[in-house]
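Asker: Before I ask anything, let me first share the structure, which is written out below as structure tokens.
The values are calculated or read from the model by the stated rules, or taken from the named source; none is laboratory data. Because the structure is a prediction, the values reported are computed rather than measured. When we count neighbours, we look across all protein chains shown, and the Cβ atoms used for this are built from the backbone with ideal geometry, even at glycine.
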Amino acid sequence: MNNPAPVFRDRLPEPMGLMLERQKTVEFIFEGERITGIKGDTLGSALLANQQWVWSRSFKYHRPRGPLTLAGHDANSLVQLPNEPNALADRVPAIDGLDVTGQNVNGSVKKDKDAVLNHFGRFMPVGFYYRAFYKPKGVWDWWEKQIRVKAGLGIADLKFKPEYYDKAFLHHDLVVVGSGPAGMMAALKAADAGADVLLLEEHTLLGGSLAYSEFSDCNNPEQLRQELMAKVRQHANITVMTEAVCNAWFTDNWLPVLQGKRLYKVRAKQCIMVTGAYEQHVVFRGNDIPGVIFSSAVMRLMKLYAVKPGERAAVLTGNEDGYLTALMLNRQGIQLCAVIDMRQASELSHTEKNLVDQLHQKGVQVRFGQTVYEAKGSQRLEFIEVRAITSPGEVSASLETIPCDLLCMSAGYMPAYQLICQAGGQLSYDDQRAAFSLRNLPDNLYIAGSVNGIHRLSAVMKDGERAAIEALNALELSDEAVPDVFCDQKVNFHWPIFKHPKGKDFVDFDEDLQVKDIVNATRMGYRDIQLVKRFSTVGMGPSQGRHSALPTARLVAKATQRTVSETGVTTARPPLTPEKLAYMAGRGFDPYRLTSMHYRHLELGAKMIPAGLWMRPAFYPKEGQRLTGSAASPLLLQARNIRNACIENESLHVRTKVGLIDVSTLGGIELRGPDAAELMNRIYTFGFLKQPVGKTRYAVLTNEQGVVIDDGVACRFDEDHFYVTATTTGVDNVYRLMTFWNTQWQLDVDITNVSSAYAAVNLAGPDSRKVLEGLTDLDLSREGFPYLACREGFLNVPGCEHKIPARFLRVGFVGELGYELHVPSRYGEVLWDILMAAGQPFDIKPFGVETQRLLRLEKGHIIIGQDTDGMSHPSEVSLGWAVSKKKPYFNGCRAVDIVMKRPQTRKLVGFRLSAEYLVQNQKPEEGHIVLSDTGSDSSITGNVTSCEYSPTANAIIGMAYVGIEQSEEGGQFPIRVDGGSVVMASVVSLPFYDKEQTRQEA
Amino acid sequence: MKVMTCPLNGPRNINEFVFGGEVTPLPDLQAPDQAWAEHTFYSYNGTGVVREWWFHSASGYWFVAERDRTTDQIIKTYDPSELAADIRTAMLDVDRKMFGVERKTEEVAP
């Protein structure tokens, strides 16, 4: 093709357009118009190449807004994509066929019907929504709807298709955040010394300012960039991630990095933040009109995208970057109608004077000590009004009005401080340089380059190396002396704020805040910068104060007669950039545990519920009653009825025949050694020294405050061997406590947490002995293996030679004749299978944990954590019998002694209610409160901890804490149930079932 | 997330560790209730370096860390056998007195 496509003609010649692949075009739609760009364009650069300078409307006044930073740092560039609101037009690549629209508009960005709000500014003073719309009472409900429509940002697509987001972990010696000249130098220096380096770059191109900016001490930054980049890319010790945002800093250099659809959790031994600096705007009336733009943005536009930024350009500067921009514009053939320096000619450095001379040689005159006082234009800049600066912020009468369509601002820089302040760095303001600098960095974190206040390229590169040397020394990879880096380049103009009586002199573009808004906030008493922010909303918009923090600090300092350092800036909190919830919601790494019989429960259709980290069967519904999804919600009557029926049937089955439950989730701790009994004795409340071998004993554990925190069964298999069970969720705590004390006591005992090494079942019911008889050689008779005995033995596997080693415990558990069998986990499924097979002639049925709770409640057994709370001492839960009064010490003994001597105020009692209350929907539930009496001035004396309908007792039974005066057997106490009605429960003695304990001892 | 160096396993994320309180010997069993109440409920909350118990969950290992309460900097971590001699003696002292005697408490104040 000899004829270039029409779109090419508008663009600047190479080497401008670093991002572009000039042979390929892209087409997308913006606000219904077809926009043609070149491959490599962002939406924004393509729009500007097509003379579309209005991108959005402002938040409050609906003023037209266009490009400002072209770096994705401002809110002007927010546009709506089909499935994504608040996309940054200057960052999103132009893609064929994309349908892009404006946001926050009533109509289109060019013709926004709400633009009329621009003329009602005086009715919307700072904080107006805190002050208006609230009277008369209730009117806010109406106003809120109107304001939400007018002040909203993009629209979320509620029909979006879920996408896959993931997480990954990375570990590096050194992470360098930012790949500008200092970043690349730091990475190379460190990598050369052998450090494993990760280099992060937010943009597509490596090189930071080298890619787009001009430097007074470097003629060919692109060549330098290519050289450094080649070295970085080829270095075996450097990993490079582009389009990767380090979105926060957390303790010890824990860095969340967002790239694509992945959240990287990066841990760095050392970290160098080379985050650069944000260019700052000049505050004057109309400084938001499209065409008023940062110098750096114009450079990006030309160098990266070869877009001609305008026909007649003006430059307003307070540093040498303005001159470099002017020279670049001149080289690209753009007419310079004014170069305005806010400083006096005498303030210029030698370098800057050279640049002025260069401009003179091109026929461009520079105005000194002047500023733009007002910019005018409706949809694009048309004129600037220039005035002389008489004193800081004050100007003379109008000097001249100059027609132009582009105004480049260079008023200085603000270090990209957010991540560093999150790390504990502090900003302090240097009046001489009129700039913030960062101090007080934590260990293992360094800063370099412009974020460190160093702007001259040669010094920036040295500063990168300097930071690398510091990191290398900390890594012990070098012992080089840390060089001093010096840079005298002053980049900030001290007072680039020119208040206009008619306002629209914007401090914060996101929130449409003008000078008077900030000043008025201080006059209303909000002197603290944090309060000014909250009242005026300055810095709360999408650009998070990148450009408003510095002018706000200056204005508040001046208005409150303090220094800028004293005023400071508002706290920068994570995340740095808006973070999609998908990054958080992506694949989680939550651990869960399954017992070795888990799949047998699934085959039987069990309803599974979580218990700690484990999954346990709650009950086993019949075929046709297995509800899933929302139908299984316990809030639904059908689901409740199925549950109740299941646990009734299962409990009756255990009481009359035989049942089997998986209790593998029980904790188990093995104690072996000569001092095993001594350790048991010092930890648990009961005496264990004289526990006979082959016997079990109930074990209660209290904490240092004398509160019951765990219970279990201690089995003594040998003089020097205990096996003690603990609650499912408590075992880790028990193990920790035992090892904690033995670290200090140094007893001769081995403590091992064997919870997951054993699978266990409880075989319970009058027929359980018959089921087990054929499976073991142990004497199972009442005399040979009595209640509370424990044995080690084997289980025969029918039809096979193999025997399973097993521990047999005869414990009460559900109050029937029963055996608890503990076997190595790998035999869990076999154990289940052989017991279910052997039990078939006796109609064995599995039962779940909900049924187990009912059965144990019928026996008056407490469940730690359900029937106890953070205050329950042994007497309150009637476990005084399990506390040895004689032995010198157990964990928490002194506290137990003290609290148990005090007059007791409450007690856990069993209560009973007629089953009729079920029909009336007045069954007490866990957590319902117990009242002192039924009168209107009654007080709360306790609460219900467990309550269930017991088919065996044909009554509602439960346990509740009641006042000590209510705890007498035969008395009654009121419970307030759902709906507010009060039922009277009768105190009964425990257990509810088989008071003589004959069944479990059978 | 903070990193702590386990004397047994090296540097690990802090969420692998469980805090075990300040290293303080138990009061004497004969000590008054007040002393036990203070030991149980009051802990010094001033500035300076504190010696603390920490537990590495994954390996079941208790060790000692010295931490600056002002900066939250972990100064060093070590095995309990390397605890300062005075602390170890105090612990053993309580041990010796504690076990093998009957326990007594004071009468409750009215």
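Asker: Among the numbered conditions (1) part of a helix (DSSP H, G or I); (2) among the hydrophobic types (A, V, I, L, M, F, W, C); (3) assigned by TED's automatic domain parsing to the domain that holds residue A:195, tell me where residue A:299 comes up short.
Answerer: (3)
Asker: Another question, if that's okay. In the range A:680-699, which residues are among the aliphatic types (A, V, I, L, M) and crowded, with 22+ Cβ neighbours inside 10 Å?
Answerer: First, the residues of the range A:680-699 that are among the aliphatic types (A, V, I, L, M): A:680, A:683, A:689, A:693, A:699.
Residues satisfying the conditions are A:680, A:683, A:699.
Asker: Next question, about the same structure. Criterion first (among the polar types (S, T, N, Q) and either buried (at least 24 other Cβ atoms within 10 Å of the Cβ) or part of a strand (DSSP E or B) (or both)) does residue A:458 satisfy it?
Answerer: No; evaluated as a whole, the condition is false for this residue.
Asker: Also: Any chance you could count how many residues in the range A:506-539 are over 28 Å from the mean Cα position of the chain (by Cα), in a loop (DSSP other than H, G, I, E, B) and of a type outside the set (Phe, Trp, Tyr)?
Answerer: Qualifying residue count, the range A:506-539: 5.
Asker: Restricting to the range A:727-753, name every residue that is farther than 29 Å from residue B:82 by Cα and either more than 34 Å from the chain's Cα centre (by Cα) or of a type in the set (S, T, N, Q) (or both).
Answerer: Going residue by residue through the range A:727-753, those that are farther than 29 Å from residue B:82 by Cα are A:727-730.
Answer for the range A:727-753, where residues must be farther than 29 Å from residue B:82 by Cα and either more than 34 Å from the chain's Cα centre (by Cα) or of a type in the set (S, T, N, Q) (or both): A:727, A:728, A:729.
Asker: Is there a residue in the range A:740-762 that is within 14 Å of chain B (Cβ to nearest Cβ) and at positive phi?
Answerer: Yes, the range A:740-762 contains a residue that is within 14 Å of chain B (Cβ to nearest Cβ) and at positive phi.
Asker: While we're here: Suppose the filter is modelled with pLDDT of 95 or more, surrounded by fewer than 18 Cβ atoms within 10 Å (Cβ to Cβ) and not assigned by TED's automatic domain parsing to the domain that holds residue A:61; does residue A:483 pass it? Reasoning before the result, please.
Answerer: Working: modelled with pLDDT of 95 or more: yes; surrounded by fewer than 18 Cβ atoms within 10 Å (Cβ to Cβ): yes; not assigned by TED's automatic domain parsing to the domain that holds residue A:61: yes.
Yes.
Asker: Then there is this: Is it the case, given these coordinates, that residue A:910 is surrounded by 19 or more Cβ atoms within 10 Å (Cβ to Cβ) and either modelled with pLDDT of 95 or more or in the same structural domain as residue A:645 (by TED's automatic domain parsing) (or both)?
Answerer: Details: surrounded by 19 or more Cβ atoms within 10 Å (Cβ to Cβ): yes; either modelled with pLDDT of 95 or more or in the same structural domain as residue A:645 (by TED's automatic domain parsing) (or both): yes.
Criteria met by residue A:910.
Asker: Among the listed residues A:689, A:635, A:627, identify the single one that is modelled with pLDDT under 95, out of contact with any strand residue (DSSP E or B) (no Cβ under 7 Å at 6 or more places or on another chain), within 14 Å of chain B (Cβ to nearest Cβ) and not in a helix (DSSP H, G or I).
Answerer: The match here is A:689.
Asker: Then there is this: For the range B:41-49, indicate whether the set of residues that are more than 9 Å from chain A (Cβ to nearest Cβ) and closer than 15 Å to residue A:744 by Cβ is non-empty.
Answerer: Kept after step one, since they are more than 9 Å from chain A (Cβ to nearest Cβ), are these residues of the range B:41-49: B:42-49.
In the following step, the residues that additionally are closer than 15 Å to residue A:744 by Cβ were identified as none.
No, the range B:41-49 has no match at all.
Asker: Among the residues in the range B:78-97, are any out of contact with any Phe, Trp or Tyr (no Cβ under 8 Å at 6 or more places or on another chain), part of a loop (DSSP other than H, G, I, E, B), within 12 Å of chain A (Cβ to nearest Cβ) and modelled with pLDDT under 85? Spell out the reasoning first.
Answerer: Looking only at the range B:78-97, we keep the residues that are out of contact with any Phe, Trp or Tyr (no Cβ under 8 Å at 6 or more places or on another chain), and these are B:81-94, B:96-97.
From the residues that got through so far, the ones that are part of a loop (DSSP other than H, G, I, E, B) too are B:83-84.
In the following step, the residues that additionally are within 12 Å of chain A (Cβ to nearest Cβ) were identified as B:83.
Next, from what is left, pick out any that are modelled with pLDDT under 85: none.
The answer is no; no qualifying residue exists.
Asker: Condition first: of a type in the set (Gly, Ala, Ser), touching an Asp or Glu at 6+ places or on another chain (Cβ under 6 Å) and either more than 24 Å from residue A:755 (Cβ to Cβ) or without any contact (Cβ under 8 Å) to a residue 12 or more places away in the chain (or both). Now tell me which residues in the range A:581-596 satisfy that. Please lay out each step first, then the result.
Answerer: Taking the range A:581-596 as the starting set, the residues that turn out to be of a type in the set (Gly, Ala, Ser) are A:582, A:585-586, A:588, A:596.
Add one more test, that the residue is touching an Asp or Glu at 6+ places or on another chain (Cβ under 6 Å), and what stays is A:586, A:596.
Within the range A:581-596, A:586 is the sole residue that qualifies.
Asker: Still on this model: Taking the range B:58-75, which residues are closer than 18 Å to residue A:742 by Cβ and exposed (fewer than 14 other Cβ atoms within 10 Å of the Cβ)?
Answerer: Narrowing the range B:58-75 to residues closer than 18 Å to residue A:742 by Cβ: B:59-64.
Answer for the range B:58-75, where residues must be closer than 18 Å to residue A:742 by Cβ and exposed (fewer than 14 other Cβ atoms within 10 Å of the Cβ): just B:59.
Asker: A follow-up question, please. For the structure I just gave you, tell me whether residue A:777 is of a type outside the set (Lys, Arg) and under 19 Å from residue A:617 (Cβ atoms).
Answerer: On the way: of a type outside the set (Lys, Arg): yes; under 19 Å from residue A:617 (Cβ atoms): no.
Spelling it out, it is not the case that residue A:777 is of a type outside the set (Lys, Arg) and under 19 Å from residue A:617 (Cβ atoms).
Asker: Right, another one. What about residue A:37, is it part of a strand (DSSP E or B) and buried (at least 22 other Cβ atoms within 10 Å of the Cβ)?
Answerer: Numbers: part of a strand (DSSP E or B): yes; buried (at least 22 other Cβ atoms within 10 Å of the Cβ): yes.
Judged against the criteria, residue A:37 is a match.
Asker: While we're here: Going through A:195, A:182 one at a time, which residue ends up being closer than 18 Å to residue A:449 by Cβ, in contact (Cβ under 8 Å) with a residue 60 or more places away in the chain, not in a strand (DSSP E or B) and not acidic (Asp, Glu)? Please lay out each step first, then the result.
Answerer: Details: A:195 fails: closer than 18 Å to residue A:449 by Cβ.
After ruling out the rest, the residue left standing is A:182.
Asker: Quick check on this structure: which one of B:58, B:31, B:35 is more than 29 Å from residue A:756 (Cβ to Cβ), part of a loop (DSSP other than H, G, I, E, B) and within 12 Å of chain A (Cβ to nearest Cβ)? Before you say what the answer is, go through the steps one by one.
Answerer: Numbers: B:58 fails: more than 29 Å from residue A:756 (Cβ to Cβ); B:35 fails: part of a loop (DSSP other than H, G, I, E, B).
Only one candidate qualifies: B:31.
Asker: OK, next. Might you let me know whether the range A:861-874 holds any residue that is within 14 Å of chain B (Cβ to nearest Cβ) and among the small types (Gly, Ala, Ser)?
Answerer: Within the range A:861-874, one or more residues are within 14 Å of chain B (Cβ to nearest Cβ) and among the small types (Gly, Ala, Ser).
Asker: Which of the residues spanning the range A:703-739 are assigned to a loop (DSSP other than H, G, I, E, B), crowded, with 21+ Cβ neighbours inside 10 Å and within 14 Å of chain B (Cβ to nearest Cβ)?
Answerer: Matches in the range A:703-739: A:706 only.
Asker: Which of (1) more than 14 Å from chain B (Cβ to nearest Cβ); (2) of a type outside the set (S, T, N, Q); (3) surrounded by fewer than 23 Cβ atoms within 10 Å (Cβ to Cβ); (4) within 37 Å of the chain's Cα centre (by Cα) does residue A:281 not meet, given it meets every other one?
Answerer: Of everything listed in (1) more than 14 Å from chain B (Cβ to nearest Cβ); (2) of a type outside the set (S, T, N, Q); (3) surrounded by fewer than 23 Cβ atoms within 10 Å (Cβ to Cβ); (4) within 37 Å of the chain's Cα centre (by Cα), residue A:281 misses just condition (3).
Conditions tested, residue by residue: (1) assigned by TED's automatic domain parsing to the domain that holds residue A:546; (2) hydrophobic (A, V, I, L, M, F, W, C); (3) in contact (Cβ under 8 Å) with a residue 12 or more places away in the chain.
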residue	(1), (2), (3)
A:263	no, yes, yes
A:270	no, no, yes
A:289	no, yes, yes
A:293	no, yes, yes
A:321	no, no, yes
A:334	no, yes, yes
A:350	no, no, no
A:360	no, no, no
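Asker: Further question on the same structure: Say whether the condition of being modelled with pLDDT under 95, of a type in the set (Val, Ile, Thr), more than 44 Å from the chain's Cα centre (by Cα) and closer than 30 Å to residue A:890 by Cα is met by at least one residue in the range A:794-801.
Answerer: no
Asker: Going through A:406, A:427, A:419 one at a time, which residue ends up being touching a Pro at 6+ places or on another chain (Cβ under 9 Å) and either modelled with pLDDT under 95 or surrounded by fewer than 18 Cβ atoms within 10 Å (Cβ to Cβ) (or both)? Break it down into steps so the answer makes sense when it comes.
Answerer: On the way: A:406 fails: either modelled with pLDDT under 95 or surrounded by fewer than 18 Cβ atoms within 10 Å (Cβ to Cβ) (or both); A:419 fails: either modelled with pLDDT under 95 or surrounded by fewer than 18 Cβ atoms within 10 Å (Cβ to Cβ) (or both).
A:427 is the lone residue from the list that is touching a Pro at 6+ places or on another chain (Cβ under 9 Å) and either modelled with pLDDT under 95 or surrounded by fewer than 18 Cβ atoms within 10 Å (Cβ to Cβ) (or both).
Here's the yes/no breakdown for (1) within 14 Å of chain B (Cβ to nearest Cβ); (2) within 22 Å of residue A:544 (Cβ to Cβ); (3) assigned to a helix (DSSP H, G or I); (4) touching a residue at least 40 places away in the same chain (Cβ under 8 Å):
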position	(1), (2), (3), (4)
A:206	no, no, no, no
A:222	no, no, yes, yes
A:232	no, no, yes, yes
A:245	no, yes, no, yes
A:267	yes, no, no, yes
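Asker: Here is a further query. Could you count how many residues in the range A:855-881 are crowded, with 19+ Cβ neighbours inside 10 Å, of a type in the set (A, V, I, L, M, F, W, C) and in a helix (DSSP H, G or I)?
Answerer: 2
Asker: So which residues in the range A:252-265 are part of a loop (DSSP other than H, G, I, E, B) and either within 14 Å of another protein chain (Cβ to nearest Cβ) or buried (at least 21 other Cβ atoms within 10 Å of the Cβ) (or both)? First the steps, then the outcome.
Answerer: Residues of the range A:252-265 part of a loop (DSSP other than H, G, I, E, B): A:252-253, A:260-261.
Answer for the range A:252-265, where residues must be part of a loop (DSSP other than H, G, I, E, B) and either within 14 Å of another protein chain (Cβ to nearest Cβ) or buried (at least 21 other Cβ atoms within 10 Å of the Cβ) (or both): A:252, A:253.
Asker: Tell me which residues, restricted to the range A:790-825, are of a type in the set (Gly, Ala, Ser) and more than 19 Å from residue A:836 (Cβ to Cβ). Talk me through it step by step, then tell me what you get.
Answerer: Within the range A:790-825, the subset of a type in the set (Gly, Ala, Ser) is A:793, A:799, A:806, A:812, A:815, A:818, A:825.
Selection gives A:793, A:812, A:815.
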